[in-house]
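Some notes on the structure that comes next.
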């Protein structure tokens, strides 16, 4: 388009109103109760959806970033994420304050170690409260008074066994466990909540356990947890349920949140 044509169009479309420095009102911040930062795996289809459901609370805001990971879940691919955590934490509202940052990978946090996850987050957000699904699950089980845990996990057997050993090392018993033995996040994300609930009923209805932990942030369970608890008469947590609850409590939000199971009625256990 020629300069003459542009000029002709401008002449035919004169600026009629040009108001500057217009008056405006400011509302409260969306996160006026608390602001949660969430680092989401690049391959995760589920955690954001479930966080939006569970944390649809006036005054609570969740801001997330993504971290690159390999969709194939192996100890090596999980460990490789450590060097990317700081950058992912740093791009969540740069320069603004957050109350807590969560790294959203259960098996990754186990392989890397919660203390290393915290250290990487603190490189970008010094002094901030931190959590990850594995440590959130441990805090949740303590808050529920659980001792004997049914572990349901989707991973390959090497990771499943390591996770059981890790939970044992935290002082819990794991007399029952089950797995779908999948290595790809996209497949894990498609497991139906009905499948997960059926598995929990099969494995956890007896007296061998007093709580269920369903591992992996890609697993769908949040909206079914309350009904599942009524069926098996035991508290049920998932990676996403535990992490959302732990974020709220670490951020100072202590109100009950109905609809997602017993955990959201509990405070953090004393001494945590």
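What follows draws every value from the coordinates through simple rules; no lab data is involved. Only a predicted model underlies this, so the values are computations on that prediction, with no experimental measurement involved. Cβ coordinates were reconstructed from backbone atoms using ideal geometry, including for glycine residues, and neighbour counts include every protein chain displayed.
Descriptive notes on the structure:
- Choice from 22, 177, 110 with maximal GNM fluctuation in the chain (Cα, 10 Å cutoff): 22
- Counting other Cβ atoms within 10 Å as a rough exposure proxy, the listed residues 249, 265, 125 run 265, 125, 249 from fewest neighbours to most.
- Computed from Cα atoms, the angle from the helix 239-250 axis to the main principal axis of the chain rounds to 70 degrees.
- Cα-based convex hull, the range 57-126, per residue volume (Å³, whole number): 95 Å³
- The range 110-192: Cα Rg divided by the 2.2 N^0.38 Å rule of thumb: 1.23
- The chain pair-distance distribution - Cα-Cα, 10 Å bins, rounded %: 7, 29, 32, 15, 5, 6, 4, 2, 0
- Result for the chain in a Gaussian network model with C-alpha springs under 10 Å: among 242, 211, 27, the largest mean-square fluctuation is at 27.
- Take 90-99, 12-21 and order them by the average number of nearby Cβ atoms within 10 Å per residue, most first; the result is 90-99, 12-21.
- Within the chain, helix-based [θ] at 222 nm, where runs of 4 or more DSSP H residues each add -39,500 (n - 2.57), nearest 500: -11000 deg cm²/dmol
- Residue with peak Gaussian network fluctuation, the chain [Cα springs, cutoff 10 Å], from 103, 166, 24: 24
- Axis angle, to the nearest 10 degrees, between helix 193-204 and the longest C-alpha principal axis of the chain: 20 degrees.
- For the range 136-238, Kirkwood radius (reciprocal of mean inverse C-alpha pair distance, Å): 13.5 Å
- Sequence of 155, 63 once ranked by neighbouring C-beta atoms within 10 Å, starting from the fewest: 63, 155
- Taking the C-alpha atoms only, the angle from helix 114-124 to the longest principal axis of the chain is near 10 degrees.
- Counting DSSP beta bridges with both ends in the chain, the antiparallel % (nearest 5): 5 percent
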